[in-house]
Every structure is written in C-alpha cells, then in structure tokens.
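Asker: Right, I'll just put the structure down here and ask away after.
The values are calculated or read from the model by the stated rules, or taken from the named source; none is laboratory data. Quantities reported herein were computed from a predicted structural model and do not represent experimental measurements. Here the Cβ positions follow ideal geometry from the backbone for every residue, glycine too, while neighbour counts run over all protein chains shown.
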C-alpha cells in the first residue's frame, strides 16, 4: 500500500487512520532526512503509532540562517548555519511531542536535536529536546545534553517572525523542561535570524489555513 502522507495525519480524517495498516511516512520539507521519531512504520505498528499518539493538535515549523557562531573576520565555512525546526504535538493520554531541530553548517556538519517537548502560548512556542548529533566546532557539547529554542510567528501584525538562539549547555540540566527555560533566550531584533520563517499551528485556531501557509513558503 502507498504510505500515509502528512496531509492525511494532519488533516480532518486523521482519526480514521486508526483502522488502517498502511506505512506512515512522516517527512518534513525542511529536513533532508526523515524525522526518525515518527519515521516509517509498517504493518500493525502503523496503526498503533496514530492510536498511541492520537491526532496531531499542534505543529511548529521554523527556518532561517545565521552567522552568530562566527567571530569577527572569521571565514563562514564552518560557523554559518542554516536552521530548521519541525515539531508535532499529539493528543492522547500523554500528549507526546516529536520532531527535530537542525543547524546545518556550510561545511556540511550538523547539530541535531530530537524534540520531546513543546510549550505554546498563542503564536509563541518553546521547543526542546536531546542533542543527538554534534559538529566538530562544538567541543564543549556532549550527546544527550538538552537544547531549546523559542520561536514567534508574527504574521498577524506584519512584523518579522523571530527565532531565538539555541539554548545549550549553560544553565541547563537533565531536569530542565520547556516550561522552565524561558529566561535563557536572547530576545530582540538584534538577536533574530536572517530570513526567519515561523508557523505556529494549533487545532484550536486556523489549523487548515496555517498548514496551507507552510506549504506556500
């Protein structure tokens, strides 16, 4: 059978997927690789993925680029990065969160975070998870450390969207969560990314319109 698409899982017929046993292929256009936490599942497992996680109730997508790791006069080959984020929050008993944060550097190396938490307040969201891949330029980092980012969609007031610094290391512990890290982010236009694009979609607001805007970007 053909894989079930993101449109199926995020759309109004998501509940009907519980009775199907097709492979679920959850892949974001903002990433080169599948989001492994949601990935592909075949046979009986495909139905259990949707059944256990429930329908998607929120989706956060963000992208941009920056050179904030570059020192003055430094060649941007290893310090300039393209940023991408996609996260889904599922309904159900646990309200689980899955997704990925990636910073891909000009030299091909990547910082990657497997997302496991999301806190949304209107068009703002804090997303975080566990570091699973580290570029060589981050000698002070270790796998399985926590990392977080704050994003804001400003489509309704004609201002630029906002993506914060990725908060890593200092001030974070294994006990940190998306609800406890709000003070760690540098906010303001001088800290924003280049060409930031943020979409904060919720089933409680303009869900279908928000998903259409993501596709159009």
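Asker: Evaluate the following for residue 217: is it closer than 28 Å to residue 145 by Cβ and at pLDDT below 85?
Answerer: no
Asker: On to the next question. Within segment 141-158, restricting attention to residues that are part of a loop (DSSP other than H, G, I, E, B) and touching a strand residue (DSSP E or B) at 6+ places or on another chain (Cβ under 9 Å), which residue is surrounded by the most Cβ atoms within 10 Å (Cβ to Cβ)?
Answerer: Filtering segment 141-158 for residues that are part of a loop (DSSP other than H, G, I, E, B) and touching a strand residue (DSSP E or B) at 6+ places or on another chain (Cβ under 9 Å), the one surrounded by the most Cβ atoms within 10 Å (Cβ to Cβ) comes out as 153.
Asker: Taking segment 172-201 only, how many residues are out of contact with any helix residue (DSSP H, G or I) (no Cβ under 8 Å at 6 or more places or on another chain), within 20 Å of residue 129 (Cα to Cα) and either without any contact (Cβ under 8 Å) to a residue 24 or more places away in the chain or not in a loop (DSSP other than H, G, I, E, B) (or both)?
Answerer: Looking only at that region, the number is 7.
Asker: From 121, 136, which residue is without any contact (Cβ under 8 Å) to a residue 12 or more places away in the chain and out of contact with any strand residue (DSSP E or B) (no Cβ under 8 Å at 6 or more places or on another chain)?
Answerer: Numbers: 136 fails: without any contact (Cβ under 8 Å) to a residue 12 or more places away in the chain.
After ruling out the rest, the residue left standing is 121.
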